[in-house]
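Undergrad: Please find one structure pasted underneath; my questions will follow.
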């Protein structure tokens, strides 16, 4: 009995794609942000960062400047982080980028964010763990995005001003690499 190969190829392709999607499925949840602080660590969104004595510019462009806190420990959620950067767009505080490493740190960060800003709504049947996990809290003034890459055990947290952070995109050119 001869099996027609043009019939098997599309079926095999469909199953392969479904398998890849299932294995690499991202966890993505978004919940309303409770306790919107309209900034980060007592700095309100839109504040000029260039005049602050406690921050030092480490990378400058014509519109976007990155700062680190001179005397602030690299900690968040009561644990050590790899880096904490404050970003301004046109000298207005618009974003905080936090990087961390390790599965235990990730669990602690996720628990802290859920306790402080709102419990995640996990729907039965959704993956709680995957190659990449993404969680979002959205408030009136602030959006918090957490992304965790399980394979490398690297995590990223972005605290964004909902009105100012979109302006970062205005300064990304088509030729940017």
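Here, each number is a calculation from the coordinates, and none is a lab measurement. If you're wondering where the values come from, they're calculated on a predicted model, not measured in any experiment. With ideal geometry, Cβ positions are generated from the backbone for all residues, glycine too; neighbour counts draw on all protein chains shown.
Undergrad: With the cut-off at 1.5 for a/c, could you classify the stretch 27-170 from its C-alpha gyration tensor as rounded, prolate or oblate?
TA: prolate
Undergrad: Let me ask something else. Mind running the shape call on the stretch 35-79? Use the C-alpha gyration tensor, a ≥ b ≥ c as the square roots of the eigenvalues: rounded below 1.5 for a/c, prolate if a/b tops b/c, oblate otherwise.
TA: oblate
Undergrad: Can you give the extra length, in nm with one decimal, that the chain gains between residue 54 and residue 35 once fully stretched, where that is 0.36 nm per residue apart less the Cα-Cα distance?
TA: 4.3 nm
Undergrad: I want to check the label-to-label distance for residue 47 and residue 90. Put each point 7 Å from Cα in the C-beta direction and report it in nm to one decimal.
TA: Each label point is offset 7 Å from its Cα along the Cβ direction, giving 2.1 nm.
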